[in-house]
Amino acid sequence: MKPCPWKTYLVGGAVRDALMGLPVQDRDWVVVGATPQALLDQGFLPVGRDFPVFLHPKTRDEYALARTERKTAPGYHGFAVHAAPNVTLEEDLARRDLTINSIAVCAHSTGAGGQFSTKFLIDPVAWKATGALVDPYGGQRDLTDKVLRHVTPAFREDPVRILRLARFAARYADFTVAPETTALMQDMVAHGEVDHLVAERVWQELAKGLMEAQPSRMFAVLRSCGALARLVPELDRLWGVPQSPEHHPEVDTGVHVMLVLDLAARLGTSLAVRFAALTHDLGKGTTPADILPRHIGHEERSVRLLKGLCQRLRVPVECSELATVVAREHGNIHRSGPLNAAAVLRLLERCDAIRKPARFADILLACECDARGRLGLQDSPYPQARRLAQALQLAQSVATHLIAAHAQSTGATGPKIGEMVHAARVRAIADGL
């Protein structure tokens, strides 16, 4: 590859994470002073649709031409992009969301597309010693002070940034949001910016946030600016709804749901389990005031609200189905200890546990998070999960093919065979438990 006449900078998350001492995953680069044709002539591969982005011919890292953006319509869509050789690095960094994501490192050109040595790529000490760091908006200061702060008022032009900031709050749980940034987000919500977000993007950001270390922080940020009430009102209305202190020492339903969610994160559960933890009590937000703090029939209301939420945000089937079963059955699973064999089998059948044992394991895990996600009960045992898992194994041990073969030899019909299999499973559970 020929020497490059332009300047190349490592930007964004790779710089941020390296400065924080975290593993660097993907590397993104900004090219200043080049044209699309100049990169093509160097062997770069074009991949950008809305603005010029290219893949390095050897490393396959992403290289984007320095650009500016100007909003032309409400919401996430409607931006005029300007990418040209005269766009400066500072102008490119100004369009980014947070100061901690607006730090760049100048690549010392080696005649290889602006790449620098592998060691230099992960050596913040060398960056500082050589003056390679470019930080026009105070990102290093905010990393030290653990603050999430917007770069410029242009933050308001993209409502997705509210979701991204909330996700970063869930990832870096010891960071705070700058008061002026919270005020800016509140103004964005008040002016209806989040109302223009498309469902797929909302779910994408929420799903990423759910998989962070402390997902409750994401919802705290969204509540603080009013965005949660606009995006997921079914969840937002849970705060301030009381529960019986006998069963819920934390009392507040919203607080309980966040305890459940963070416990699911600490246990390293899947996205589907975390979503079920988040939505299992939606119905408590619509409990009539005259029966509080009791929540009679909240399971059915939760299922109904969950259906509308999943349709609106286009939640994947795997997540919506698991969450629906947990919302409907978590109370029955909590109370399953005294159930006899026949009742246990009916519960397994309602959960479709025999056909989908792996999903049933996730259902039990979500219910355990619900039971332990209460003030002072985080380390409590949950014997219901072990008992129901054992019952499922016993039901699965029944040789249904032998029962069917014997029944057919006697002329039994399909429904009769089903009754015989059911009875055999009840006996197996009763004997085993």
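Brief remarks on what is shown
- Legend: ranking of residues Thr279, Thr410 from fewest to most surrounding C-beta atoms inside 10 Å; resulting order Thr410, Thr279.
- Residues considered: Glu246, Glu299, Glu69. Largest GNM mean-square fluctuation over the chain, using C-alpha springs under 10 Å, is found at Glu246.
- Acute angle (nearest 10 degrees) that the helix 253-266 long axis makes with the longest principal axis of the chain, alpha-carbon atoms: 80
- Given charges at Cβ of Lys, Arg, Asp, Glu: the chain dipole, positive-most of Leu377, Leu392, Ser270: Leu392
- Folded to 0 to 90 degrees: helix 179-190 orientation relative to the chain principal axis, Cα: 70
- Too-long pairs where the Cα-Cα distance tops 30 Å, listed order kept, from Lys284/Lys416; Lys7/Lys208; Lys208/Lys356; Lys146/Lys284; Lys146/Lys307: Lys284/Lys416; Lys7/Lys208; Lys146/Lys284; Lys146/Lys307
No lab work stands behind these numbers, since they all come straight from the coordinates. Predicted model, so just to flag it, every value in this text is computed and none were measured. Note: ideal-geometry Cβ built from the backbone for every residue, glycine included; neighbour counts use all protein chains shown.
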